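Peer 1: Below you'll find the structure I mean.
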Amino acid sequence: MLGSKKGASVSGGTTLISQETIIVGDVHFCGNLDVQGNIIALSGKEALLRVVGKGRVEGEIRVPCVIVNGVVQGDVYSSKHLELASKSRVQGNVFYTLVEMAAGAEVNGSLTHMSDADADADAVAEQAALQTDKAVPGAAPE
């Protein structure tokens with residue numbers, strides 16, 4: 001389990017990815033990486049997100065496989081597997097199909113099981129919302 005590994009915390013500065021930032025390509029940093037904004041995996045693709053050690057996410061997470069051993073302030077939607085390690089702190093609601101929760105993990109919100117059909121419907125709705133967000137106001141439709 002992630003919580004049993006040593007050396008999850010690091011010293012040094014904090015790298016921050018703020019809301020309305022889109023990163024395409026590599027991210028190189030040292031110290032801690034904090035994210036302000038939503039983390040959304042592409043629909044129909046395999047994806048894994050790890051929030052480790054002193055990592056922090058302020059926003060919604062919609063990723064099939066999620067491992068948390070840091071802090072999440074926002075709702076978490078995991079359509080496949082969610083692991084809440086011993087140092088995880090979630091301030092929000094958690095929606096999952098399969099969850100693994102270690103002693104010491106903390107969720108300050110509801111835990112809601114999703115069926116596979118619910119997870120698929122959620123992914124389709126999220127992809128439609130992403131496409132709508134990408135549309136440019138006043139532009140002619142494609």
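Peer 1: Return the distance in nm (one decimal) between the two label points of a simple spin-label model at Q73 and E106, each offset 7 Å from Cα along Cα→Cβ.
Peer 2: Inter-label distance under the simple model: 1.4 nm.
Peer 1: Show me 95-104, 31-40, 78-87 ranked by packing, highest mean number of other Cβ atoms within 10 Å first. All intermediate terms of the calculation are to be shown ahead of the outcome.
Peer 2: Numbers: 95-104: 15.7, 31-40: 17.4, 78-87: 21.7.
Ranking the peptides 95-104, 31-40, 78-87 by packing returns 78-87, 31-40, 95-104.
Peer 1: I want to check the label-to-label distance for R50 and A117. Put each point 7 Å from Cα in the C-beta direction and report it in nm to one decimal.
Peer 2: Once both label points are built, they end up 3.6 nm from each other.
Peer 1: As a footprinting exposure proxy, order C30, C65 by other Cβ within 10 Å, with the fewest listed first.
Peer 2: C30, C65
Each value in this text was obtained by applying a stated rule to the coordinates, not by laboratory testing. Bear in mind the structure is a predicted one, so any value in this text is a computation, not a measurement. Positions of Cβ are generated from backbone atoms using ideal geometry, with glycine treated the same way; all protein chains shown enter the neighbour counts.
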